[in-house]
Structure formats: structure tokens, C-alpha cells
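J.: Take this structure first; my questions come after.
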Amino acid sequence: MPSLIDLRRRVRAVKNTQQITKAMKMVAASKLRRATERIMNARPYAVQMQRVLASVAARVDSSVHPFLAVRERTATSRTLVIVVTGDKGLCGSFNTNVIKGAGQYITSATEPCTLGLVGRKGREFFGRRGFSVLFEQIGIFQKLKFDDAKVVARLAVDAFTSGEVDKVVLVFNEFKSVMSQRVVVDQLLPIEPHEVVLEGPAAKAGDSQVDYLYEPAPEKIFEQLLPRYVEVQVYRALLESNAAFFAAQMTAMDTATKNSAEMISSLTLYMNKVRQAAITREIIEVVSGAQAL
Amino acid sequence: MADSLPTKIQLQVVSADRSLVNETVDEVQIPGSEGYFGVLPGHTPLLALLGAGELWYRQGSEFHYLAMAFGFAEVQPDRVTILAEFAERADEIDLARAEAAKVRAENRLSSVTVDMDAERARLALLKSLIRLQVATRAKIRS
């Protein structure tokens, strides 16, 4: 039987842990609020961009710009898989899920994959296991800016245009709600025309048949529009992942706080029982001593 | 055919970090990279690169002004979507801040020689100039 002092120490230790998890939960909650605000603000742009691009892609031939052209699969084809994980742990299954999702993609892919790792946890996992890694981006979630997305997009675009890879895929946690995150595998390059979702007035017959007027020439517009689109997609993935991270962390820390409260109460109960047993024993000793006199 | 043409335009202006305008309007003028162009309902589909300048839209007889720089515009007969790199409503512009930004950019331009920085400073100067221009003009008009 553990002694009273040991039990008291354990209760104190668990209380300390609880304080930490509670504080972390609160920090995550306030960061989550900011992160969701950012993603809500960034969504309209990303959505409109996607819509414009979809209606453009429906009208133009895929040979207009290399980003639109699907390359024929050859023996040397490679895929770049950009895995967006968190920089930190203590967030439940957040990192595990992305890594698992990426792993599944890699093993089921027909061509060999190269990795682009965003976030420390992904690097720790994949870096150690001898995967071919094209680039790493670490510590950008502390202060996420559009420029960070630009850097990642630049790396991906360079690898794609130089022919090093023929396809770029993004794997990240999508922020659905505070309680749920979903691992998403999105094709970044080449830009897929099947994203065309005609809705509302655009769905009216004949509307999409008319070709655009371009000002300036289409090549010039695509030269700017498509790289921008890639950047925006990456930026959105980073923001989603960031918000999802804090949501996951908040839930994980909430659970941890609850668990430690449970542990404290069961330990306290046990401690009281031990103490009571000791007192009872002492009384019996005293009483039986008195009777013996 | 003429009666099937839309009579209003759904205008959406979004910048990378927020949505600025989402309204039904009668007319829009957009600063294209090759010059300003006006859009009335029923415009033929158009995809344009944007320059820096002033964008205005009209609802009835009411005009609204925005300062904006770079990005893309997609025009459909009944819809205009502006994806701006930078955009601000005229009434949101802080004149003092824009003025300060202008001075800062000018100073940087006159002192720095590295290409990268100069490019950024030039852009900052351009943005602050547009902001100032749009804000002062909006003031005069009202």
C-alpha cells in the first residue's frame, strides 16, 4: 500500500498537469478564434478564384499554359506530395492523421513520390524514414503570412516547371468545425479542369460557350493568374491546417483536463481511504491496549 | 434577344484577406492594366489584368469609390468579380496613415539601392498614392 505522503505528492503532480493543460486549452481557444477569423476572411477570395479559374479552364485549351496541361505518364514520372503538419504536438491525432493520409497516398500512388514537408512534425516523421524530401518549411505557423505560402508555392512551381515532378499534391487537415478535422488530398498542379462547378446564373445554357475577351493577351493573364492561384491554394491550405491545429489542440487539452480531474478525484478518494484506515488501526491499537490493562 | 439581357450586375470585390463588396449594381468602372474600362449589364465575358487606381460602382445615382491595386477581373454579362491584391473602400482610408506610408516609401526609395527593396518601396509608394488620391477625391465629391 502506498503511503499517504506518496499519494499526496501524486495528487499535487496531477493538479499541476491539470493547470498546464487548462492553460494550454485556453491559449489554443483564443488562437483558434483568431485563426478561424482569418480563414473565414480568406475563403471568399479562394472560392472566387476557384470559380473564375474553373470557368476559364472550361473555355480554354489546356495547352495555353503548362500549369493546365496534364503530362503523360512516363517511367520517370514523379509526384510531389506536400504534407502540411503542425510544428508542435499535444494536439490529439492531428499530426498522425495527416501523416497517415499522406502515407496512404504514397503507398497507393503508381509513381514514386517526393515529399515537401511543412511543419516540424512531418519532418520528424518522414525525415527519419528515408523518404526523398524536396523541401522543408519549419516554424512558419508561429506567424503565418501570405509570404510563407508564396515560398511554398514557389518551390512547388519550380519543381513542376523544371520537370522534376509531374504532379503536385497537397495533403492537409481541413478545418470543418472545432470538433472535427478532415484530412484532404488536393491536387495542386496541374490544375484540374474537373473542378468546374456551374452554379446559379452561370449554369444557364450557352453562357459558358462564349469565349472571353482578354485584356491584355491571354498568355499574359495566365502568366499571372495561374501562379497566383497556386499561391492562394497553398495559403488556404496553410490557414486551414493552422485553424485545425488549434481546434485539435483545444479538444485534446480539454479532454486532458477532464481526465486529470477524474484522476484527482479517484486519487483523493483512495488517499482518504488510506488515511481513514490508518486512523482506524491506531484507534484499535489504543482501545485494545486499554483493554489489556 | 435584347430583353434577355440582364439589367443589373452582381459585383464582388475580394482581396486576399477579406471580402469588400458583394452588391447588385448598375455600373462599374475598373482600372485595367491597359487603362480604365466601364462595365454595364450585359457586357461580353472578359478577363482582365488590373492595374492600380480607382474603382467605382454606381447603384442608382449613388456612387461608391474604392482604391485598389493589381489583381484580376472577371466580367460576365450579369456578374463582375474582382480579385484584388490590395483594395480599400474610400471611406475606410486613413489619410494620415496613407500620408505617412507615402513619406516612408519615398524615403526608402531615395536611400536604398538594392533592387528587391526598391521594388517593394515603389509598390508601397504606388499604393499610398492611390489611397490618397481616392480618399481626397471622395471627400471633394461628397
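No lab work stands behind these numbers, since they all come straight from the coordinates. From a predicted model like this one, the values you see are computed outputs, not experimental measurements. Neighbour counts run over all protein chains shown; Cβ positions are idealised from the backbone, glycine included.
J.: Which entries of A:121/A:167; A:100/A:150; A:31/A:176 show an alpha-carbon separation above 20 angstrom in the structure shown?
T.: Those over the limit are A:121/A:167; A:100/A:150.
J.: How large is the convex hull of the C-alpha atoms of the protein assembly as shown per residue, in Å³?
T.: Roughly 244 Å³ of hull volume per residue.
J.: For the range B:9-90, what's the relative contact order in percent, using C-alpha pairs closer than 8 Å and at least 6 residues apart?
T.: That works out to 33 percent.
J.: Oh, and also: Please give the FRET efficiency for residue A:285 paired with residue A:3, using the beta carbon to beta carbon distance and R0 = 22 Å, rounded to the nearest 0.05.
T.: That pair, residue A:285 with residue A:3, gives E of 0.75.
J.: Sticking with this one: As an exercise, use a Förster radius of 51 Å and the Cβ-Cβ distance of residue A:261 and residue B:24 to find the FRET efficiency, rounded to the nearest 0.05.
T.: 0.40
J.: Restricting to DSSP H runs of at least four residues, report the calculated mean residue ellipticity at 222 nm for chain A, -39500 (n - 2.57) per run over all residues, nearest 500 deg cm²/dmol.
T.: Mean residue ellipticity, 222 nm, calculated: -21000 deg cm²/dmol.
J.: Separate question: How many nm is it between the label spots at residue A:59 and residue A:268, if each spot is 7 Å from the Cα in line with the beta carbon?
T.: Going by the 7 Å Cα→Cβ label model, 6.9 nm.
J.: Still on this structure, please answer the following. What nm value, rounded to one decimal, do you get for the distance between residue A:151 and residue A:129 when each label is placed 7 Å out toward the C-beta?
T.: About 2.5 nm, to one decimal.
J.: Can you work out the FRET efficiency for the pair residue B:106 and residue A:20, with r the C-beta to C-beta distance and R0 = 41 Å, to the nearest 0.05?
T.: 0.25
J.: Hey, how many Å between the Cα centroid of the range A:83-143 and the Cα centroid of the range A:228-293?
T.: Taking the Cα centre of each part, the range A:83-143 and the range A:228-293 sit 31 Å apart.
J.: Any aspartates and glutamates with Cα under 19 Å of the residue A:145 Cα? List them, leaving off those in the same chain fewer than 8 positions away.
T.: Within the straight-line cut-off, residue A:145 pairs with A:37, A:87, A:136, A:174, A:231, A:240, B:17, B:85, B:117.
J.: What aspartates and glutamates sit close enough to residue B:102 to cross-link, taking a C-alpha to C-alpha distance under 14 Å and skipping anything fewer than 8 places away on the same chain?
T.: B:94
J.: All other residues with a Cβ under 11 Å from the Cβ of residue A:211 taken together, and with Lys, Arg as +1 and Asp, Glu as -1, what is their net charge?
T.: Around residue A:211, the charge tally is 0.
J.: Between residue A:183 and residues 5 or more places away or on another chain, which pairs have amide H atoms under 5 Å apart, with H built 1.01 Å from N, and which residues are they?
T.: So residue A:183 has HN proximity to A:174.
J.: Taking a cut-off of 12 Å between Cα atoms, list the aspartates and glutamates near residue A:25, but don't count ones fewer than 8 places away on the same chain.
T.: Counting by Cα, and skipping residues close in sequence, residue A:25 has these aspartates and glutamates nearby: A:254.
J.: Next up: Rounded if a/c is under 1.5, else prolate if a/b is larger than b/c, else oblate: which is the range B:9-90, with a ≥ b ≥ c the root eigenvalues of its Cα gyration tensor?
T.: Rounded, since a/c falls under 1.5.
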